[in-house]
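The values are calculated or read from the model by the stated rules, or taken from the named source; none is laboratory data. Not measured: the values here are computed from a predicted model. In this analysis, Cβ positions are derived from the backbone assuming ideal geometry, glycine residues included, and neighbour counts consider all displayed protein chains. In case anyone asks, the SASA skips ligands and DNA or RNA and just uses the protein heavy atoms, side chains included. Shrake-Rupley method; radii C 1.70, N 1.55, O 1.52, S 1.80 Å.
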Amino acid sequence: MPGGSCPDCGSSELVEDSHYSQNQLVCSDCGCVVTEGVLTTTFSDEGNLREVTYSRSTGEHEQVSRSQQRGLCRVKDLCRVLKLPPTFEDTAIAYYQKAYRLSGIRAARLQKKEVLVGCCVLITCRQHNWPLTMGAICTLLYADLDVFSGTYMQIVKLLGLDVPSLCLADLVKTYCSSFRLFHASPSVPAKYIEDQEKMLSRTLQLVELANEAWLVTGRHPLPVVTAATFLAWQSLRPSDRLTCSLARFCKLANVDLPYPAVSRLQELLGILLQMAKQLAWLQVLKLDKRSVVKHIGDLLKHRHMLLRMAFRDGTAELETQEKTPEQGRGEEVGLDSFSLPKGKRPASPSLLLPPCMLKSPKQAQPTPPVSTVTGDEDISDSEIEQYLRTPQEVRDFEKARAAISVPSPS
């Protein structure tokens with residue numbers, strides 16, 4: 001019989017009773033449960049019938065908070081929604097636990113902790129080359145994109161992780177697969193339905209063209225991909241789709257329209273228009289940014305040659321001019337004498353440079369200094385001499401100074 005006494009009746013008749021595979025001490029006289037939920041017998045306190053906390057009984061020094069438990073559950077749920085492999089889920093949970101130990105994350109607001117779930121999943125997918133965009137996770141978590149991106153960069157820096165960037169081709173495939181234009185639907189007219197493989201192939205070619213023309217460098221890729229997808233969709237059946245705008249296209253595809261997508265669309269059309277001027281059978285058509293869409297297929301077939309003909313390499317030209325400026329002038333003169341009449345120069349192609357280098361940055365105008373002179377300030381003697389112009393004024397000033405300096409008789 002175990003030692004001790006009942007706290008209610010004082011009886012020492014205590015018996016062990018197994019309930020739900022857990023031993024309990026019960027008083028046989030009054031039926032009082034003396035100990036309940038004892039998890040281990042390694043502490044001496046249990047021998048004295050004292051309760052032992054969960055963290056002490058399991059040998060742990062810290063308990064998992066409710067916020068961390070909820071975050072771990074959300075990591076698992078997000079991985080299952082995205083149908084990620086089990087190894088991805090384990091890696092994302094490990095990253096979440098490491099990040100939660102950081103003081104800056106543990107004491108952060110609830111919004112940042114919710115975003116942390118998506119950041120750990122995105123880091124895991126990027127490291128395993130799994131095509132997943134930041135916008136897709138923000139949509140699932142109803143999170144703000146700016147808060148998400150800031151937290152993502154902070155976690156990568158604090159944990160010292162090596163996260164490769166998402167391949168542009170994989171991004172295009174993942175982004176285009178979410179469009180609702182590949183299957184018949186009551187909300188989408190039949191003339192707007194397109195084959196997914198054809199549209200994806202042409203979109204990839206347009207994105208590669210935009211990359212070669214410096215339209216992707218230093219910019220968010222989704223607006224460029226959206227503009228390229230819209231042009232690819234229009235060019236496959238231009239007679240039925242030229243009247244459709246970019247905003248309506250995004251609405252039919254059930255995707256959000258990024259704000260800079262309209263600007264990226266105009267830049268892509270400008271590149272295509274310059275390339276179209278290099279083809280003889282398109283020069284007579286006098287194409288504009290609307291009609292050039294009909295000939296995107298022909299332009300993409302010869303895009304490498306047409307891009308070199310339509311644009312000059314700006315960086316290479318600057319290096320060549322610095323090394324041999326006189327030789328470059330001689331070549332231009334010789335070219336003029338053979339190809340054009342005397343006195344005329346050929347139209348030089350535009351420079352192929354990033355848009356930020358083609359447009360000169362706005363210079364801030366310096367603000368004029370605020371004048372604090374009121375006219376009532378005292379004027380020193382040396383400054384008074386600057387205001388005296390005539391000899392008579394100089395003589396009068398000297399007489400006045402001499403009169404002031406002479407001491408008065410006592």
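Numbers below:
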item: All positions within segment 185-243 that are among the acidic types (D, E) and open to solvent by less than 70 Å² (accessible area, probe 1.4 Å); result: E194, E212, D240
item: Single condition S21 does not satisfy, out of (1) farther than 30 Å from R109 by Cα; (2) among the hydroxyl-bearing types (S, T, Y); (3) at pLDDT 75 or above; result: (3)
item: Selection within segment 164-182 - at pLDDT below 85, surrounded by fewer than 17 Cβ atoms within 10 Å (Cβ to Cβ) and part of a loop (DSSP other than H, G, I, E, B); result: P164, S165, C167, S177, S178
item: Segments classed as helices (runs of 4 or more DSSP H), wholly inside segment 221-267, with at least 3 members that are touching a residue at least 12 places away in the same chain (Cβ under 8 Å) and closer than 13 Å to L200 by Cα; result: 221-236
item: Residue pairs meeting the criteria (Cβ under 8 Å; at least 6 apart or on separate chains; first without any contact (Cβ under 8 Å) to a residue 40 or more places away in the chain, in segment 173-187; second open to solvent by less than 30 Å² (accessible area, probe 1.4 Å)); result: F182/E194; F182/M199
item: Count of residues meeting criterion [open to solvent by less than 20 Å² (accessible area, probe 1.4 Å) and at pLDDT below 90] in segment 277-302; result: 2
item: Subset of segment 82-100 [in a helix (DSSP H, G or I) and among the charged types (D, E, K, R)]; result: E89, D90, K98
item: Total residues in segment 101-153, condition open to solvent by 60 Å² or more (accessible area, probe 1.4 Å), assigned to a helix (DSSP H, G or I), free of Cβ contacts under 8 Å to residues at least 24 places away in the same chain and not aliphatic (A, V, I, L, M); result: 4
item: Sole exception among (1) modelled with pLDDT under 85; (2) touching a Lys or Arg at 6+ places or on another chain (Cβ under 8 Å) for Y259, by number; result: (2)
